[in-house]
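Undergrad: First, the structure itself, so that you have it in front of you.
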Amino acid sequence: MQLPLHAHGPSLTSDQARMLDDEFFHSNPLGHFSSKIANLLEAESTSSHPTAESHSEFFDALGVTESEFLIDFDEQERRVQTAIEALALRHQAAEALTRFTYAVAASTPNGRDARCVWLAIADSPTRMIDVLHGNVDALNAEGRFLELFFPPGAVIDQTAIRAADTAIAWLNHAAFLLSDNELSVNAANNKVKHGLAVSARGDVRIEFVTTPPDADGNIPASAFGEGKSVPLFDRAMLTYLCRPHGTPRQGVEAVSLRVDLPIVLAEAWMMANIYAALFASAARRHFGNDLPDGIAEYPRLVVDRLPEHVIGGRVLGFRSPVTTPPDGDTPHRPIGIFFHRRFVPVNVDFENRFTGRVIEG
């Protein structure tokens with residue numbers, strides 16, 4: 001290993017802590033997330049398939065020369081998979097930002113360990129709710145976030161204050177993604193990570209129309225469009241089952257997320273940008289005036305672009321109960337559609353559903 005570390009006892013020494021953080025702060029979190037975002041944006045638009053000629057080492061490792069039967073998928077499957085990866089990346093950005101904030105703002109060394117940012121992240125609480133509570137308590141101190149967000153010696157003018165307010169909005173958005181129990185995006189991420197217990201579809205369209213079908217169940221194509229219909233799910237959709245936490249206990253719910261890939265990736269980038277600013281400031285506090293080569297620059301900040309501006313009025317998801325709560329008395333949560341920080345209950349008449357088709361006209 002490139003680090004000349006030796007175990008000298010049960011506690012982390014100050015020299016070990018310095019050496020570890022010297023290494024850790026050579027990372028570039030914004031470069032990590034930006035490269036992944038670029039790959040996903042490119043993957044959504046490409047139609048290329050890897051072949052034995054273009055990726056010979058992969059196929060050589062498998063010991064095969066024919067690629068057609070190995071890497072077999074259609075473009076819809078590519079788009080759906082890209083959407084799933086975008087959700088996972090957004091969640092990674094939210095958790096990375098939240099746990100790094102905890103490390104620099106709220107953590108205390110374990111036992112007699114010397115203070116080390118890298119170890120503070122690794123030792124951060126397993127339960128996300130404990131991390132979030134720690135951040136709230138630590139950042140409530142006046143001026144604390146400004147100290148962490150800007151590098152030492154920065155001039156704090158009105159533009160800087162607006163940038164900090166924007167950063168706090170995205171830090172709160174990260175906390176919301178990690179903890180919301182109404183449209184549980186955190187549960188979706190866990191279902192993807194642990195066994196891929198999801199249904200991912202790219203061929204489902206759900207749309208509200210004002211023109212009723214005729215006696216034969218036909219709806220003219222002219223009934224769709226701006227001012228005539230409202231699309232709810234018109235792109236990749238991820239459906240999963242979950243049991244909401246809290247009391248009284250709820251039953252099983254089916255939740256569908258509408259994945260608007262450019263918007264999800266824009267959310268991920270905004271959170272990564274805030275993370276990068278906190279990271280760069282912490283690196284400068286660690287190294288002081290003797291900043292070595294290869295340390296990431298303090299990022300350019302996007303000011304006044306809040307989560308509601310990025311997400312807008314788009315539909316985010318749909319929730320429906322599958323079973324009733326186990327106590328037999330508690331009502332299940334209502335069926336409905338989620339927007340950013342807003343829920344609209346709907347009444348779905350499953351008993352009178354019918355099959356129809358869209359025709360020209």
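Undergrad: Express in whole angstrom the spacing between the alpha-carbon centres of the stretch 222-283 and the stretch 86-112.
TA: 20 Å
Undergrad: Hey, can you find the accessible area per residue of the chain for me, probe 1.4 Å, expressed in square angstrom?
TA: With the other protein chains kept in place, the chain gives 56 Å² per residue.
Undergrad: To continue, here is another question. Hey, got a sec? Which GluC sites (Glu not before Pro) in the stretch 62-109 land in a DSSP loop and have at most 13 other Cβ atoms within 10 Å? Could you put the intermediate results ahead of the total?
TA: Values: sites: 66, 68, 75, 77, 85, 95; in loops: 66, 68.
When the GluC sites (Glu not before Pro) of the stretch 62-109 are filtered for loop state and at most 13 Cβ neighbours within 10 Å, 66, 68 remain.
Undergrad: How much net charge surrounds residue 341 when only the other residues with a Cβ under 14 Å from the Cβ of residue 341 are counted, with Lys and Arg +1 and Asp and Glu -1?
TA: Net charge around residue 341: -2.
Undergrad: Computed from the mean reciprocal separation of all distinct C-alpha pairs, what Kirkwood hydrodynamic radius does the stretch 210-257 have, in Å?
TA: Mean inverse Cα-Cα distance, inverted, gives 14.3 Å.
Undergrad: Explain nothing, just compute: Karplus ³J(HN,Hα) = 6.51 cos²θ - 1.76 cosθ + 1.60, θ = phi - 60°, for every residue of the stretch 117-129 in order, whole Hz, x for Gly and Pro.
TA: 5, 4, 5, 4, 5, 5, 8, 4, x, 5, 6, 4, 4
Undergrad: Follow-up. As a test of the formula, what do you get for the chain when each DSSP H run with n ≥ 4 contributes -39,500 (n - 2.57) and the sum is divided by the residue count, at 222 nm and rounded to the nearest 500 deg cm²/dmol?
TA: Helix-only estimate at 222 nm: -13500 deg cm²/dmol.
Undergrad: State whether the stretch 183-276 is rounded, prolate or oblate according to the following rule on the C-alpha gyration tensor (a ≥ b ≥ c being the square roots of its eigenvalues): a/c under 1.5 gives rounded; otherwise a/b larger than b/c gives prolate, and the remaining case gives oblate.
TA: oblate
Undergrad: Also, I was wondering about something else. Leaving ligands and nucleic acids out of the surface, order 228, 191 by accessible area at 1.4 Å, largest first. Walk me through the numbers on the way to the answer.
TA: Values: 228 95, 191 65 Å².
Result of the area sort, largest leading: 228, 191.
Undergrad: Something else now. Given H placed 1.01 Å from N in the peptide plane, which residues other than close sequence neighbours of residue 113 have an amide H under 5 Å from its amide H?
TA: When sequence neighbours closer than 5 places are left aside, the close amide H contacts are 12.
Undergrad: Evaluate the Kirkwood expression for the hydrodynamic radius of the stretch 259-361, namely the inverse of the mean inverse distance over all pairs of different C-alpha atoms, and round to one decimal in Å.
TA: Kirkwood radius, the stretch 259-361: 18.9 Å.
Undergrad: Rolling a 1.4 angstrom probe over the protein chains, ignoring ligands and nucleic acids, what is the accessible area of residue 129 in square angstrom, nearest 10?
TA: 70 Å²
Undergrad: Ignoring the sites themselves, what is the longest stretch of the chain with no chymotrypsin sites (Phe, Trp or Tyr not before Pro) in a DSSP loop and at most 10 other beta-carbon atoms within 10 Å?
TA: 74-353
Undergrad: Suppose we take every Cα in the stretch 238-280 and form the convex hull; what volume per residue is that in Å³?
TA: Convex hull of Cα atoms, per residue: 99 Å³.
Undergrad: Given 0.36 nm per residue, what is the gain on full extension from residue 140 to residue 11 after removing their alpha carbon distance, in nm? Kindly include the intermediate steps, with their values, before the conclusion.
TA: Working: separation 129, 0.36 × 129 = 46.44 nm, distance 3.05 nm.
43.4 nm is the gain from fully extending residue 140 to residue 11.
Undergrad: Using the Karplus curve 6.51 cos²θ - 1.76 cosθ + 1.60 with θ = phi - 60°, work out ³J(HN,Hα) for each residue of the stretch 52-65 in order, rounded to whole Hz, and write x for Gly and Pro.
TA: 4, 7, 7, 9, 5, 5, 4, 6, 5, 5, 7, x, 10, 10
Undergrad: What length, rounded to one decimal in nm, is gained on full extension from residue 38 through to residue 224, with 0.36 nm per residue of separation minus their alpha-carbon distance?
TA: Numbers: separation 186, 0.36 × 186 = 66.96 nm, distance 3.36 nm.
Separation in residues times 0.36 nm, less the Cα-Cα distance, equals 63.6 nm.
Undergrad: Rank these by accessible area, largest first, 1.4 Å probe: 297, 360, 207, 267.
TA: Correct descending sequence by accessible area is 360, 297, 207, 267.
Undergrad: In nm, give the distance between the simple-model label positions of residue 254 and residue 55, each being 7 Å from the Cα along the Cα-to-Cβ direction.
TA: Output for this residue pair reads 3.4 nm.
Undergrad: While we're here: Which three lengths, in whole Å and largest first, does the chain cover when its Cα atoms are put on their principal axes?
TA: The Cα atoms of the chain stretch 80, 59, 45 Å along their principal axes.
Undergrad: Could you work out the local net charge near residue 12, counting Lys and Arg as +1, Asp and Glu as -1, over the other residues with Cβ closer than 15 Å to its Cβ?
TA: Taking every Cβ under 15 Å from that of residue 12, the sum is -3.
Undergrad: Return the long-range amide H neighbours of residue 316 (sequence gap of 5 or more, or a different chain), with a cut-off of under 5 Å between placed amide H atoms.
TA: The list, which skips near neighbours in sequence, is 338, 339.
Undergrad: Apply 1/(1 + (r/R0)^6) to the Cβ-Cβ distance of residue 48 and residue 204, taking R0 = 30 Å, and write down the FRET efficiency to the nearest 0.05.
TA: For R0 = 30 Å, the calculated efficiency reads 0.70.
Undergrad: I need the phi-derived Karplus couplings for the stretch 37-45: 6.51 cos²θ - 1.76 cosθ + 1.60, θ = phi - 60°, integer Hz, Gly and Pro marked x.
TA: With coefficients 6.51, -1.76 and 1.60, one gets 4, 4, 4, 6, 5, 5, 5, 5, 9 Hz.
Undergrad: Oh, and also: Can you tell me the Rg and Dmax of the stretch 1-156, counting just the alpha carbons, in angstroms?
TA: Spelled out, the Cα radius of gyration and Dmax of the stretch 1-156 are 21.9, 64 Å.
The values are calculated or read from the model by the stated rules, or taken from the named source; none is laboratory data. Because the structure is predicted, anything quoted here is derived from the model rather than measured. Don't worry about glycine lacking a Cβ; one is built from the backbone with ideal geometry, like all the others, and counts go over all protein chains shown. Calculation scope for accessible area: heavy atoms of the full protein, side chains included, ligands and nucleic acids excluded. Shrake-Rupley method; radii C 1.70, N 1.55, O 1.52, S 1.80 Å.
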